[in-house]
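Asker: Below you will find the structure I want to go over with you.
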Amino acid sequence: MMTDLTPAPRRAYIEVEELSVQFPTEDGLVRAVDGVTFAIDKGQTIAIVGESGSGKSVTAQAIMGLVNSRTADVTGHVWVDGQDIVGMTDDELRKMRGRTMAMIFQDPMSSLHPFYRIGAQLTEAVNVHNKVSKKEARDRAIEMLHKVGIPSPEKRIEDYPHQFSGGMRQRVMIAMALINSPSLLIADEPTTALDVTVQAQIMELILELQQEYNTAVVLITHDLGIVADAADQVAVMYGARVVESGVIDDIFYAPEMPYTLGLLASVPRLNQVRAERLDPIPGNPPSPIRLPSGCVFNPRCVYTDRVEGNLCATERPALLPTAPGHMVRCHMSKAEREAVATIALGALGRETT
Amino acid sequence: MSAYVVRRVISMILLLLLLTFVVFILFSLLPTDPARLTCGKSCTPEIIEANRHRLGLDLPVFQQYWEYLKGIFVGRTFAKDSPDPVVCSAPCLGYSFKRGEEVFVLIKEGFPATFWLALGAFVMWLAAGISVGIYAALRRGKWQDKTVMGISLAGYSLPSFFLGLMAIFFIVIRLQLLPYPSYVSPFENPTQFLQTMILPWIVLAILYAAFYMRLTRNQMLEVLGEDYIRTARAKGLPERIVIRKHALRAGLTPIVTAAGLDLAGLLGGAIITESIFSLPGIGSLAVNSVNDADLPLIVGITLVTATFIIVANLIVDLLYAVIDPRVRLT
Amino acid sequence: MTEIMNSSHTSGDPVLRVTDLKMHFPVRSKGLFPKTIGQVKAVDGVSFDVQPGETLGLVGESGCGKSTTGRTALRLLEPTDGKVEMDGIDVTRMSAKEMVPLRRKAAMIFQDPYNALNPRHTVGAIIGAPFAVQGVEPVGGVRAAVRDLMDRVGLNPEHYNRYPAEFSGGQRQRIGIARAVALRPHFIVCDEPVSALDVSIQAQVINLLRDLQDEFGIAYLFVAHDLAVVRQISHRVAVMYLGHVMELTSREDLYARPLHPYTHALLSAIPVPDPRAQKNREHILLSGDLPSPVNPPSGCVFHTRCFVAQDICKVDKPVIREFEPGHQVACHFPITEYLGSTPIVGPDPGLTAESELEGMQDGDSMEQAAESDLIHEPGTNYKDGPDSLIDPGPGLWR
Ligand SMILES: Nc1ncnc2c1ncn2[C@@H]1O[C@H](COP(=O)(O)OP(=O)(O)OP(=O)(O)O)[C@@H](O)[C@H]1O
Ligand SMILES: Nc1ncnc2c1ncn2[C@@H]1O[C@H](COP(=O)(O)OP(=O)(O)O)[C@@H](O)[C@H]1O
Ligand code: SF4
Ligand code: SF4
Ligand SMILES: [Mg+2]
Ligand SMILES: [Mg+2]
């Protein structure tokens, strides 16, 4: 993909460039991630939003180097602090995992090993990357549990995961992820399996610790409320591609891509002016085996007639800047996109900025 | 925990009692007349009636059962009022008039051969089944995996009498690599013991190993897809530790359970293998007892085999609680 | 369309009324001699009614007893105690056989669009099943009726002979809905019908349910954990916590003027998809997790997590009472002031004129309450008001 062999000096701490992941399966080639591009600095949070199956989790796992190179085909670049994760040996990758970058998962119930004590699982994470005494590792584990708000950690460290509630397990997962102070934290739907009141606690905790450690956070979610609450930047994924990205205000107040518009219009919101009918996107999300040609969104897009010829169905649009830092993947002209946005957001009862 | 064990032991005893009852009633309902079986072709009704009385078969079924049960704990004497009463001492599982021996003694005599056969095969099949199963799981979908699964299917579908007969024919008779099997105690003549046992071990182990390969492979694949394995990898653990420490422990737990029950089943006698290799074990005894229609012996063997399985069940359950902290024994 | 039967509701009774409903599940030990070692108090004294053509939303956190309430209300479970009336008929102790004729008046839609449909039956057979079960022969035949239903819920009638596996999650939920409305019931229990769906599909299904209600006058008991979804569809909302209804009122009141501390916390915990509004909200963070329904806390079940609890709450269980007309709450110390946490600030202009009026008056009282500074420092919310979606109006939250 890159013709330039000596990479230009990197600007952001994490830069994902044209990342693609394909799984050959019996049903055909699954294009789970297709040319995903975004960048993020330390202390910043980027949210990746999209429907289920749009490739969010696979993107996250590819960044962590967790996609098995034997069963999948990974191309593109993931620059972490100037080093490209793609193409690293298993051992190089392993040394970065848990130390430079860490991850928490959607389901706290199944993410901890049921047979080992909480303490053992935490100290293990310390010991892989540090030569420390047993006592030091244990102290570190207790300190971390304390930090994530587990009461009397010196006792709870002896417990097994099943003795913890879902919210507490997610706290333990956060403690485990941050125990070696990584500079990148990937959170894959960290609160989807939790109740809203617990979700609020966990999001608060993640943001608090992010401040303390100055971590870059990749937050994967399908909940636009969480995005609004926590993110600095947003990448909207649809059909394995990033279709729009930018700072949070770009996405919420000046979106231009029809899918983003549809998404915003279809979420029921508590602060909506009128509890009127929602305006759903027609149709269903595409299958990753048969991604539509041209623009992946074209079978559901209501604006295809605003594009010359049959371009939407034939030509794949590129992810291009529409304003500084704001990228959009759509064939419509900027004027058309803005006109369309005004209509769509007007129906929502909100003005664009 | 201890309260749990006590409760389990009590319910186990009740279960065994129930079992003796069912077995006993079942056999007493058989159309064959056990008294008729006690004497040969030239039998007069008088002799049959006399034998019926000697064996206590003229008593009502429930009383017979009671006598039988009592016999297990305090022993019993058949034909008390005749000149030559037959004494069957404490764990009396009945008396085989065909063989002129207490059933318990017969089973005790057969036990060592069965025990060594089962143990040896058990070790072999676990070692082979688990290691090959893990290997296949780690090479999922590759040619190694496919080969292993093919071999497993073949091994699984080969009947043990075929394997056993082939082994004897080629290795013992044709190539004369081993002497003809003749069982001795390992403490008496270890060399002959090994020479005798090696083929039955392998034959029996192949059958089970084929099954355990599949089981292990599927278990490992399931566990390797678990979220906590992903967590272990995300920590940066080397792959071999992920496999050894995180995947194996969870993946092998159900295998331990299955293996325990299979071992217990084998301790009740491997009928085909013992017969082919002429091992004087419980399996051979069972075959002979059926051939001779030796009812007391059949009942005795059935009970002993069932007891092994019930006890193994308890042990496996306790073991499970030790391995898996989520299992709470209440 | 094929006219099947007149579903309009005539009797004047609520389609569903439950009174002091209790559903306790025994907890048994395992083994050969199981014994009952406790009770899961899944539903513990719940009362409400559902009027014809109305949607009552039932919200709360996982395990609080929403689904159990729904299933007991349909008499899929026999309640431990209390009374269930359908169309004014007491069905609490009716046998399954006696229930059969009543079954056509009520139906259920399930959460999981993947497991609720028999994979070996065609879509046509699934949707037509209620006709066969009830022995109803619609005018024009079952096939025509099913095709009409499919068309109505947005499925292609050509797909009559396909199997559920060939449909996406949203389409399967449409199949479930078509089956539920087949006999034109008066009343449907919807148990988290959109929770498993993507947002863009959620909106399609919510709109469909609303259309069907408008057309056929069906009443819904709508169970969900997502307060925003519930607001979209409900006329009245009941908030549940640990087997109890904590607050029950009209949608407008619940979201704009909640009284119960738990409702305040719940609303505050939901992030709104609007960064500027979200950044300016107060957050009430509840500590801890939901207690176990086997050992619910004494007194008020919420006292272990309540941020305004007093000593009396630990011993004295508050009974649900009408604090204002039509606004029920189970709390000793309802919070009437605006805490800066609820995302809806003031009247919902989308509502009717009279509720707008009510809202205005209430806005005044909230203003005074905010001044009183009882619980929360009023104040810093919506600093940059003009940017936020909703003009908060002067004086309320500065
Ligand atoms: N058949 C049953 N036996 C025992 N306990 C049960 C049974 N059904 C439900 N419960 C328990 O009753 C409580 C309430 O369950 P219910 O399914 O009504 O919750 P819910 O509010 O619908 O939760 P969710 O949002 O997770 O669906 C839970 O603690 C649950 O474990
Ligand atoms: N190991 C795999 N083999 C084949 N397909 C996969 C694999 N992992 C993920 N996929 C597919 O890739 C697509 C994207 O998945 P994912 O990233 O998990 O979506 P989400 O956006 O919901 O997190 C899905 O269609 C999924 O089925
Ligand atoms: S490229 Fe065409 S189909 Fe795609 S979003 Fe733009 S207008 Fe719609
Ligand atoms: S009764 Fe007391 S504890 Fe319960 S909600 Fe009201 S104030 Fe809180
Ligand atoms: Mg995912
Ligand atoms: Mg439920």
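Asker: For the protein assembly as shown, state the average projected area of the convex hull of the C-alpha atoms over all orientations, rounded to one decimal in nm².
Answerer: Spelled out: convex hull of the Cα atoms, projected over all directions, averaged, 56.9 nm².
Asker: Before we go on, tell me the buried accessible area for the A/C pair, both chains summed, 1.4 Å probe, in Å² to the nearest 100.
Answerer: Details: alone 17300 and 18490 Å², together 31490 Å².
Chains A and C together bury approximately 4300 Å².
Asker: How many angstrom lie between the Cα centre of the range B:235-257 and the Cα centre of the range C:60-86?
Answerer: With the range B:235-257 and the range C:60-86 each reduced to a Cα centre, they are spaced 43 Å.
Asker: Which trypsin sites (Lys or Arg not before Pro) in the range C:56-139 sit in a loop by DSSP (not H, G, I, E or B) and have at most 14 other Cβ atoms within 10 Å of their own Cβ?
Answerer: Filter output for the range C:56-139: C:Arg93, C:Arg120.
Asker: Per-residue counts of other Cβ atoms within 10 Å, averaged by peptide: what ranking do you get for B:51-59, C:258-266, B:282-290, highest first?
Answerer: Packing order, densest peptide first, comes out as C:258-266, B:282-290, B:51-59.
Asker: Still on this structure: Over the range B:201-330, calculate the relative contact order: mean separation of alpha carbon pairs under 8 Å at least 6 apart, over the residue count, as a percent.
Answerer: Result for the range B:201-330 is 21 percent.
Asker: May I pose another question? Report the GluC sites (Glu not before Pro) located in the range A:253-327 that are in a DSSP loop and have at most 10 other Cβ atoms inside 10 Å of their Cβ, or state none.
Answerer: Answer by residue number: A:Glu308.
Asker: So how tilted is helix B:248-267 from the main axis of chain B? Cα-based, degrees 0 to 90, rounded to 10.
Answerer: So the inclination is approximately 20 degrees.
Asker: Oh, and also: Peptide A:220-229: average number of partner chain Cβ atoms within 10 Å per residue? Walk me through the numbers before you get to the answer.
Answerer: Working: counts 0, 0, 2, 5, 6, 9, 4, 4, 9, 10.
Taking the mean over all residues of the peptide, I get 5.
Asker: Can you list the trypsin sites (Lys or Arg not before Pro) in the range A:120-184 that are in a DSSP coil and have 16 or fewer other beta carbons within 10 angstrom?
Answerer: Qualifying residues, ordered by number: A:Lys131.
Asker: I need the Kirkwood Rh of the range C:109-241: take the reciprocal of the average 1/r across all distinct C-alpha pairs and report it in angstrom.
Answerer: Computed over Cα pairs of the range C:109-241, the Kirkwood hydrodynamic radius comes out at 15.1 Å.
Asker: Same structure, new question: Contact order normalised by length for chain A, with contacts defined as Cα pairs under 8 Å and 6 or more residues apart; what percent is it?
Answerer: 19 percent
Asker: I've got another one for you. FRET efficiency for B:Asn291 and B:Leu319, Cβ-Cβ distance as r, R0 = 35 Å, nearest 0.05?
Answerer: Efficiency for this residue pair is about 0.40.
Asker: Here's a follow-up. If you take all C-alpha pairs in the range A:14-236, what percent of them are over 24 Å apart?
Answerer: So the pairs more than 24 Å apart make up 43 percent of the total in the range A:14-236.
Asker: While we're here: Could you rank the peptides B:250-261, C:229-240 by their average count of other C-beta atoms within 10 Å per residue, with the highest value first?
Answerer: C:229-240, B:250-261
Asker: Any idea what % of Cα-Cα pairs in chain B are farther than 35 Å?
Answerer: Within chain B, distances greater than 35 Å cover 39 percent of Cα pairs.
Asker: For the range C:25-179, which whole percent of the accessible surface, found with a 1.4 angstrom probe, sits on carbon and sulfur atoms?
Answerer: Taking all protein chains in place, the range C:25-179 shows 52 percent carbon and sulfur surface.
Asker: In debye, nearest 20: dipole of the range A:102-224 around its Cα centre with unit charges on the Cβ of K, R (+) and D, E (-)?
Answerer: Rounded to the nearest 20 debye, it is 540 debye.
Asker: Rounded, prolate or oblate: which fits the range B:14-103 when a ≥ b ≥ c are the square roots of the eigenvalues of the alpha-carbon gyration tensor, with rounded for a/c under 1.5 and prolate only if a/b beats b/c?
Answerer: Oblate.
Asker: Which shape class, rounded, prolate or oblate, goes with the range A:239-312 when its Cα gyration tensor gives a ≥ b ≥ c as root eigenvalues, a/c under 1.5 marks rounded, and past that a/b bigger than b/c marks prolate?
Answerer: The shape class here is prolate.
Asker: Across the range A:14-236, how many lysine pairs separated by 8 or more positions, or lying on different chains, have Cα atoms within less than 19 Å?
Answerer: 5
Asker: Which whole number of Å³ per residue matches the convex hull of the alpha-carbon atoms in the range A:1-123?
Answerer: Output value, Cα hull per residue: 153 Å³.
Asker: Using Cα springs under 10 Å in a Gaussian network model of chain A, which residue among A:Ala231, A:Ala335, A:Ala72 shows the largest mean-square fluctuation?
Answerer: Of A:Ala231, A:Ala335, A:Ala72, the Gaussian network model singles out A:Ala335 as fluctuating most.
Asker: Moving on to the next point. Taking only DSSP H segments of four or more residues, each worth -39500 (n - 2.57), what value at 222 nm results for chain A once the sum is divided by all its residues, to the nearest 500 deg cm²/dmol?
Answerer: That calculation yields -9500 deg cm²/dmol at 222 nm.
Asker: In nm, give the distance between the simple-model label positions of C:Asp81 and B:Leu16, each being 7 Å from the Cα along the Cα-to-Cβ direction.
Answerer: Between C:Asp81 and B:Leu16, the simple spin-label model gives 4.7 nm.
Asker: Which whole-number percent is the relative contact order of chain B (Cα, under 8 Å, 6+ apart)?
Answerer: Contact order relative to length: 21 percent.
Asker: Sticking with this structure for a sec: If you take each beta carbon of peptide A:108-116 and count the beta carbons of other chains within 10 angstrom, what is the mean?
Answerer: 6
Asker: Sticking with this one: Keeping all protein chains in position, work out how much accessible area A:Ser245 exposes to a 1.4 Å probe, and write it in Å² to the nearest 10.
Answerer: Roughly 10 Å² of A:Ser245 is accessible to a 1.4 Å probe.
Asker: On C-alpha positions alone, give me the angle between the axis of helix B:61-74 and the longest principal axis of chain B, in degrees, nearest 10.
Answerer: 70 degrees
Asker: Leaving out same-chain residues fewer than 8 places away, which lysines sit with a Cα under 27 Å from that of B:Lys98?
Answerer: Straight-distance partners of B:Lys98: B:Lys41, B:Lys70, B:Lys80, B:Lys108.
Asker: Comparing B:Trp125, B:Trp116, B:Trp66, which has the greatest mean-square fluctuation in the GNM of chain B with Cα pairs linked when under 10 Å apart?
Answerer: Checking each option, the largest mean-square fluctuation is seen for B:Trp66.
Asker: Using a Gaussian network model of chain A whose springs link C-alpha atoms within less than 10 Å, name the residue from A:Thr191, A:Thr304, A:Thr71 with the highest mean-square fluctuation.
Answerer: Top of the fluctuation ranking is A:Thr71.
Asker: Which order, highest average first, do B:193-206, A:54-67 follow once you tally other Cβ atoms within 10 Å for each residue and take the mean per peptide?
Answerer: Going from most to least packed, we get A:54-67, B:193-206.
Asker: Hey, can you find the accessible area per residue of the range A:14-236 for me, probe 1.4 Å, expressed in square angstrom?
Answerer: Value for the range A:14-236: 36 Å² per residue.
Asker: May I pose another question? Taking C:Lys83 as the anchor, which lysines have their alpha carbon closer than 25 Å to its alpha carbon, excluding any fewer than eight residues away along the same chain?
Answerer: By straight Cα distance, C:Lys83 reaches C:Lys22, C:Lys41, C:Lys66, C:Lys97, C:Lys105, C:Lys317.
Asker: Inside 10 Å of the C-beta atoms of A:243-249, what's the mean count of C-beta atoms belonging to other chains?
Answerer: Counting Cβ atoms of other protein chains within 10 Å of each residue's Cβ and averaging gives 1.
The values are calculated or read from the model by the stated rules, or taken from the named source; none is laboratory data. Being a predicted model, the structure only gives us computed values, none of them experimental. For neighbour counting, all protein chains shown are included, and Cβ atoms are generated from backbone atoms with ideal geometry for every residue, glycine included. Side chains included, ligands, DNA and RNA excluded: accessible areas come from the protein's heavy atoms. Shrake-Rupley method; radii C 1.70, N 1.55, O 1.52, S 1.80 Å.
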